[in-house]
Structures are given as C-alpha cells and as structure tokens.
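Read through the structure below, which is laid out as structure tokens, and then see the notes.
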Protein chains: 2
Amino acid sequence: MDRPLEGLTVVEGSAFVAAPSGGMALAQLGAEVIRFDRIGGGIDHKRWPLTPDGASLYWNGLNKGKRSLAVDLTGREGQELVTELIGWAGNFITNFPASGWLSYQSLSARRSDLIMIAITGSYDGTTALDYTVNCAVGYPEATGYFDDPRPINHVLPAWDLLCGQMAALGLVAADRRRMNDGVGDLVTLALSDVALATVGTLGNLAEAQVLGSQREAIGNDLYGAYGRDFVTSDGRHVMIAAISGKQWLSLQQATGTTEQVHQLAAELGVDFADEGARYAARHRLSDIFLPWFMDRTISEVAEILDAEGVCWGPYQTFLQLVTEDDRCSTQNPLFSYLDQPGVGQHLVPGSPLSFASSPDRGAATAPRLGEHTEQVLAESLGFTSAEIGMMVDSGVVATAG
Amino acid sequence: MDRPLEGLTVVEGSAFVAAPSGGMALAQLGAEVIRFDRIGGGIDHKRWPLTPDGASLYWNGLNKGKRSLAVDLTGREGQELVTELIGWAGNFITNFPASGWLSYQSLSARRSDLIMIAITGSYDGTTALDYTVNCAVGYPEATGYFDDPRPINHVLPAWDLLCGQMAALGLVAADRRRMNDGVGDLVTLALSDVALATVGTLGNLAEAQVLGSQREAIGNDLYGAYGRDFVTSDGRHVMIAAISGKQWLSLQQATGTTEQVHQLAAELGVDFADEGARYAARHRLSDIFLPWFMDRTISEVAEILDAEGVCWGPYQTFLQLVTEDDRCSTQNPLFSYLDQPGVGQHLVPGSPLSFASSPDRGAATAPRLGEHTEQVLAESLGFTSAEIGMMVDSGVVATAG
C-alpha cells in the first residue's frame, strides 16, 4: 500500500534545521516535498560538517527525499514562479520571513485554501535560534555536575527538531480540516514557544512558579527515582534506570545487593518501593552498587544486566554507535545503505514511524541543488523544455548541471 | 472557527513522557483525547516533582486537556470496556505492551479501520528509556567542556518529546489515508529509532562513518560558525550566535571590534565571511570579544546587542525565566493563567502551533484521575447512570470522587 501522505504536495522555503526537518518528516511519510533554494544554495548549503569535497553532511542529512528547485529569489520572475508553485501545491512550509511576496496574504491570493506553516523566532517577532532559546529556558543551568557551576548547552538542537515535527503535525492537522471544511489557514510556530511550552509540559515552570524551587544540576543522576551512570573496570560508562518496581528489583538482583539495599532501607527507615525515597537516598544507594560495576568489564556487565532484565544502556561515541550497535545497521529496517553523491555509501535513516501496511520507510538520498528544477517546472506549471531552457539561460532558474 | 482536529477522538493508554506528550499535542489541536489509567493511577501518576499535597507537576503537565477514565485493567470486564472504547474512537495511542487484549489484532477485530500508534523501546523488542537511548547515541560524549571527560546526559528528555510529536504526526497521517482510502493501520514507533534517525539527520552518523571523525566536546561553542557564551561584569551569562553574515557583522559592530577582527583575518590569512574560518579561529576571536562583555552588566550588554541586531539570549534559570522573561507570561498568547486542582494558579501553555483561523491554543488543566469516567462511558458506549454506578460499586471503574 502507498505511504500515508502520498498525494500531499508541499513546497518548502527553508534553512537550517527546524523547517527542513519538518519537511523531511513529511517526505518520508510519502508527501512530495519540493524545497526551493536560491541559485548556488541557501545559507545552510555549506554548513559543517563538510566532506573533503565540500559536501555538507548537515544539508544532505536534513533534506533527504526532497526535490530541489534552484531559482533566483531576488527577481520578479523567480518570485512569480515560486508563488505559482506554492499555489499549485497548496501547502507551504517556511522559516523565511513571511512578508512581502512570501506573505500569506500575497500567496493565498493565488490559492484561497492555502495552508502555510510559518516558523518564526519568538512570538513577538524577535529573532531566536536554538542556541539563544535554549540558554533562556533553564536547562543549561540544570545540566552537568554539581561540582561545576558553568551552564552547559545541549549539543542536540532539540528545540529545532521538536519545532520541525510540530510544523509537520500542524500542516497535516490543517490539511485534515481543509479536507473536511475546504478552508486553508496560516499557522505560525515560534521556536521559543516550542521551548516555553515544553518547560511547562515537563513541570519545570510550575516547579519554579508554584513551589519556588527548581531543578539543580545533578550530573547523570535520574531525577525523582533511581538511576545514574557507572564506570566499568575497562573504563566504559553505562547508564542504569530503575523507575518501575520491576526495574528496581532487577537491578538489585543483577548486582547481588538485595540484602544491602534492604539494610539501608531499615537504617534510614524508608521504603524504597517509593521511587522518591530512592532518589533521596541515591548517594547511599550508589555506594552499594558502585563496586559491582568497578569489578567487571562492560561485556560482563552487559551479560548479567541483560539476563536479569535491567534497564540500561552503554555510553557510546558516534563512532562506537556506528561500529558496535546492531540497531545502527541495516539489520534495523530504519536504515538503508545508500550512495549520496559527494558523500558516498553510508547508513541513511528513513522515518522512525513504521506503518504495517507500507514497509517503505522513505529512506532516500538528498537531491543535488536544482536536480529537479526541470521536472518540477514541467510537472507543476506545465513549462516546456524550451521555456525552461530560456529561464536557465536568463538566470531565473538553475539545474544541477 | 473550530480547532483543526475537532471531531478526532483518540484513546490513550500511556505512561511517562512520549505517548502522553503526543496525546496532549493532539488534544491541544482540538482532538478529544481520553486517557485511561488503572484505578489509583498508573506508574507515572506520582512522578516527581510533587506539590506538598502530593500532586505531580509532571503528570499534570503532560496530561493537560485530556479526559480521564479510571478502570480496572486486570479484569476481563475492564479490558472489555477499554476495547469497546478504542473501537468507538477508532484511534489508539499507547506505550503499553501491544500484546494480548491490547494487540492490534485483538483491538481491530472490533474496528477494522482502527489506527493504532504503538510506541516501543527498540525495534527488536528490547526495553529502552530516554536515559538508556541517549547514552548510546553519542551526544553525552560530545556535551560539556573539553577539560572534563565525563559524559553528560541531557536533562530535557528530548527523545521522548520528539517521539511524542512523531506519534501525533503518525496518527494524523494515518487518519488522512483512512479518510481517502478507508483503511486503518498499525504504526509502530521505537524510541531508539527516533534517536538513531536524528543522529543520521544531523550528519553525526555520516561524520563518523564516512569521515571517520566525530564531534568532540566544545563547551558552549557553536559548531561550524561563531558563537559561544560570555560572562558579564555582574556575573550573568549570555549566548551569542553569529551564523549569518549579518549576525557576524552586527556582533563586531556592537562590540566595536570590527578593526581588530579585520587585523586577525589579515594575520591568519583567512576570510571570516566563511563561517568555517570563524569556527577554526574561534579562540582567537573570543579573545577579542571577551573584554567587551566583562566590562558591562547584562542590562548594558542587552541594550547594545538589541540596538545592533545581534542574535543573542540570556542564560536564565527556570525561576529567572518565569519572573523576568515576558515571553513566559500571559502577554504571550501561548500561555493562560489557570487553576490546576492540587497545584494552584500557574502559567499553563497551550499548543505552540497558532492557527490564524482559531485563536484557541488549547491551554487547559489536567483532569483529576477518573474525572470523566461517567461522561466517557455514557457518551461513548451509551451506559446509563445506574449501569455506571454498578460498575463503580464492583470496582470495574472509578470516578474522581
């Protein structure tokens, strides 16, 4: 069966992570996503990391499975082409300034039921990037070890990525209403609102506002239950999580510490069935577990933890992940092994969403810039090869060459 | 106009972050989301942080705007009720084991076009939580300062949150196909696949696999361009990002360092218009900018940076966020000031997605456990008050009391 979004066509005018990752999510579910870029590439086209040939692993990673149109965005003719294309598709996702010829008002004049997702910085119109949002919402001050007061940024651009998924959800939600009622919509999504809403969702905002307290940096300790990282005899780190009662019991069984834990509970007069009691006594508990890990290699630890059903994971670098973890291989249907021009053969993920009816996970390479210029202009707007050739000659559009 | 997902009804059987945040995203867009829990509450019902009254800010934050059904999940009668409810709704999102009476096979026997989103740990059936996934995918080893080799976990449960948004997207995407073709589907979504796909999307996987290199911990330096945090004379931290050419120029203008930066470029024989050149020379560049920040308070810094259009943000604790940042107030239409039973009046976010046609952002309080038991059973399955009363008496369901 077809992938679920086959038949949906989306035009994307974007840069960096948020809008491109949202468009890519739609493409992996079967939508036809046409990203347009200025001739020569947008601001993100050569973003690091780069291959020795100068190909951006970042750009290629974020634009998989899309079609690429390269067009002069400064001149009237190119702007007209993009406007017509958006009208033809009926769906537009962007993090470009939604003003002038790219305003909803202007674009919807061609297509009254247009759905447009406009990603912005902050709701009040000010600029914001993942970096400048993340520092403001509290997590860097709560990240890392208590012995080091420096704030620590996340490396994962979590706000951008969440924003991208929300943009994709917003588009399909608006499309659902259009299918029912025939109406389009302008949907705005501010990056800082994504972060602010999350701080509220996770209770950190209420904790500060209602309780007047806030989370402090507790290293890799798991907040509110028991869990932390341990070092093995061969110098590897493992993360242990004991949140459920079953996880908590299996950790004690695996490490042969049931009796010691029982004695500690008696000494403290607490019941470790209460996850909060585990958290409060976490340092004492860790003293009990630490020697077991220090005395064993990671492979010995892995065998016993797995046998006892402990919830755990190894710390891995990116290199270890790709060389040692079977989940990060073509054994996992998430991945295909594809040849990306300018990059070479490598593992390419599709959508994490797996539809039983359609095993195609949408894994695909990224386009070369302008690779689909001719195809898109012919299929969408009905231009002939001769007409497209003239537009190439006059610099209105460009092909991949 | 109605919110975009009005008319969509979703049953949620869930715990913790991923499935609940996905269900909540749907509820905020107008779907009717009915979360069922065992009588007395599920494993996450008392998760920290707690108020002095024992209310979980975590549970309340993640279940806003849902209806709550409390039901005995161990007995046949309660399982039958939930099965009927899922059949009536036609949509089910869960991170419970999708087996036995909660298998797609069993549930779809009542409703052939059922859409079910089943969130799992890893694709191979093994358990995984955000903690045990995050350690394995490389980011903790690349987080923090180069002078401290300890891996650093993220505090934000980014994988769970991304998984939740993907689950919501998967449901609405599957619903789109059902509207077109009349078919339901089982959609599985493994938490570790969410993380693995992201490592691929951001280029970290290709960097390791194709280039044989990987990102190292660089503190709060912005990778691949210029940006970092600076300390002000009053001890506050600010994050600066200079990725675009405009951002780069405005940083120099604001700090009065244009000439010094020019001299450094000449000395090194590089062109800082190339963002990679900025990254390579970032320590030398920071030496130029540091004194400007050290000599000024954060309010002096803020005034000048804003006037020059620099892209920046202050580091804020959760307390500073909620007391000092206007974006985190009811000035921002994202937020409402609501009274959550057991918690009190506080800022409650709605959906970050803002639909021009329907200003309702879906901000709502969380239900009390079993608050909607009677209403749900009456409206969905047509039970009378007397019948529901008998089920309460026999312990099959419970109300909020």
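If one puts a single equal scatterer on every Cα of the stretch A:13-108 and applies the Debye formula without solvent, what log₁₀ I(q)/I(0) results at q = 0.14, 0.20 Å⁻¹? Ignoring solvent entirely, the Cα scatterers give -0.52, -1.03. Taking a ≥ b ≥ c as the square roots of the eigenvalues of the Cα gyration tensor, an a/c ratio of 1.5 or more together with a/b larger than b/c marks the stretch B:220-332 as prolate.
A simple spin-label model places pseudo-atoms 7 Å from Cα toward Cβ; at B:Glu80 and A:Asp53 they are separated by 6.5 nm.
Entry note, the stretch A:122-183: relative contact order of 24 percent, from Cα contacts under 8 Å with a spacing of 6+ residues. When each copy gets a label point 7 Å from Cα toward the beta-carbon at A:Glu84, what are the spacings between them in nm, shortest first? A:Glu84 label point versus its equivalents elsewhere: 5.9 nm. So how far, in whole Å, is the C-alpha centre of the stretch B:366-381 from the one of the stretch A:353-384? About 45 Å separates the Cα centre of the stretch B:366-381 from the one of the stretch A:353-384.
Would you be so kind as to identify which of A:Asn153, A:Pro140, A:Ala174 lies farthest towards the positive end of the dipole of the stretch A:103-176, taking Lys and Arg as +1 and Asp and Glu as -1 on Cβ and the Cα centre as origin? The listed residue farthest towards the positive side: A:Ala174. The fraction of all Cα pairs in chain A landing in successive 10 Å bins from 0 to the largest distance is 4, 18, 24, 23, 16, 9, 4, 1, 0, given as whole percents.
Take the cross-link list A:Lys66/B:Lys246; B:Lys46/B:Lys66; A:Lys246/B:Lys64 and give me the ones stretching past 21 Å between alpha-carbons.
Working: A:Lys66/B:Lys246 28 Å; B:Lys46/B:Lys66 17 Å; A:Lys246/B:Lys64 28 Å.
A:Lys66/B:Lys246; A:Lys246/B:Lys64, as the Cα separations exceed 21 Å there.
Screening chain B for whole DSSP H helices with an alpha carbon extent of at least 27 angstrom along the helix axis and a mean Kyte-Doolittle hydropathy of at least -0.5 yields B:158-181. Computed over the stretch B:1-56, relative contact order equals 35 percent, with contacts defined as Cα pairs under 8 Å that lie 6+ residues apart.
If I take every Cα pair under 8 Å that is 6 or more residues apart in the stretch A:213-303, average their sequence separation and divide by the length, what percent do I get for the relative contact order?
Details: 95 pairs, mean separation 32.8, N = 91.
Relative contact order comes out at 36 percent.
Per-residue mean of foreign Cβ neighbours for B:270-279 is 1 (Cβ atoms of other chains, 10 Å radius). Label sites at A:Gln260 and A:Tyr223, each approximated as a point 7 angstrom past Cα along Cα to Cβ, lie 2.9 nm apart. Are there any residues in the stretch A:23-68 with a reduction of at least 40 Å² in accessible surface when going from the isolated chain to the assembly of protein chains? Probe 1.4 Å, please list them by number. Going by heavy-atom accessible area, the residues of the stretch A:23-68 that drop by at least 40 Å² are A:Ile43, A:Arg47, A:Trp48, A:Pro49, A:Leu57.
Near B:Arg67, the amide H atoms lying under 5 Å from its own belong to B:Val33, B:Ile34, B:Arg35; only residues 5 or more places off or on other chains count, and H is placed 1.01 Å from N.
By DSSP, what percent of the beta bridges with both residues in the stretch B:1-157 are antiparallel, rounded to the nearest 5? Mind showing how you got there, number by number?
Numbers: 1 of 17 bridges.
Among the beta bridges of the stretch B:1-157, antiparallel pairing accounts for roughly 5 percent.
Any idea how far the Cα center of the stretch A:49-107 sits from the one of the stretch B:142-194, in Å? Between the Cα centres of the stretch A:49-107 and the stretch B:142-194 lies a distance of 26 Å. When the other protein chains are added to the chain by itself, burial of at least 40 square angstrom of heavy-atom accessible area (probe 1.4 Å, ligands and nucleic acids ignored) affects these residues of the stretch A:219-259: A:Asn220, A:Tyr223, A:Met239, A:Ile243. If R0 equals 30 Å, the separation of the Cβ atoms of A:Leu268 and B:Leu338 corresponds to a calculated FRET efficiency of about 0.20.
Take every DSSP beta bridge whose two residues both sit in the stretch A:1-91, then give the antiparallel share in percent to the nearest 5. Numbers along the way, then the final one.
On the way: 1 of 10 bridges.
That works out to approximately 10 percent antiparallel.
State the antiparallel share, in %, of DSSP beta bridges confined to chain B, rounding to the nearest 5. Close to 50 percent.
Under a Cβ-only charge scheme (Lys and Arg +1, Asp and Glu -1), can you give me the dipole magnitude of the stretch A:1-44 about the Cα centre, in debye to the nearest 20? Walk me through the numbers before you get to the answer.
Details: 3 positive and 6 negative charges, 19 e Å.
In debye, rounded to 20, the stretch A:1-44 gives about 80.
Computed over protein heavy atoms with a 1.4 Å probe, the accessible surface of the stretch B:1-88 works out to 29 Å² per residue. Over the stretch A:157-278, accessible surface divided per residue gives 30 Å², non-protein components excluded, 1.4 Å probe. Shown for B:His262: label points 7 Å from Cα along the beta-carbon vector, and their distances to the equivalent points in the other copies, 7.8 nm in ascending order.
Basic side chains Lys and Arg get +1 at the Cβ, acidic Asp and Glu get -1 at the Cβ, and with that the dipole of chain A about its Cα centre reaches some 560 debye. Find which of A:Tyr123, A:Phe36, A:Trp59 sits farthest along the positive direction of the dipole of the stretch A:21-173, computed with +1 on the beta-carbon of Lys and Arg, -1 on that of Asp and Glu, about the Cα centre. Among A:Tyr123, A:Phe36, A:Trp59, the one farthest towards the positive end of the dipole of the stretch A:21-173 is A:Phe36.
Treating only the Cβ of Lys, Arg, Asp and Glu as charged (+1, +1, -1, -1), what charge dipole size does the protein assembly as shown show about its Cα centre? Round to the nearest 20 debye. Mind dumping the intermediate values first?
Values: 52 positive and 96 negative charges, 156 e Å.
The calculated dipole for the protein assembly as shown is roughly 760 debye.
Spatially, the stretch A:222-249 and the stretch B:292-312 are offset by 43 Å when compared through their Cα centroids.
Please compute, over every Cα-Cα pair in the protein assembly as shown, the percentage with a separation greater than 34 angstrom. Here the tail beyond 34 Å accounts for 50 percent of pairs. Apolar share of the accessible surface for the stretch B:254-401: 50 percent from carbon plus sulfur atoms, 1.4 Å probe. Summing both sides, the accessible surface hidden between B and A at a 1.4 Å probe radius is close to 12900 Å².
Legend: mean number of C-beta atoms from other chains within 10 angstrom of residue C-beta atoms, peptide B:185-194, equals 6.
Between copies, B:Pro291 shows label-point distances of 5.7 nm, shortest first, with the point placed 7 angstrom from Cα along Cα to C-beta.
Under a Gaussian network description of chain A, with springs only between Cα atoms under 10 Å, the residue in A:Ile43, A:Ile115, A:Ile34 that fluctuates furthest is A:Ile43.
The values are calculated or read from the model by the stated rules, or taken from the named source; none is laboratory data. Keep in mind that what you see is a predicted model, and the values were worked out from it rather than measured. FYI the Cβ positions are ideal-geometry reconstructions off the backbone, even for glycines, and counts take in every protein chain you see. These area figures cover heavy atoms from the full protein model, side chains too; ligands, DNA and RNA do not enter into them. Shrake-Rupley method; radii C 1.70, N 1.55, O 1.52, S 1.80 Å.
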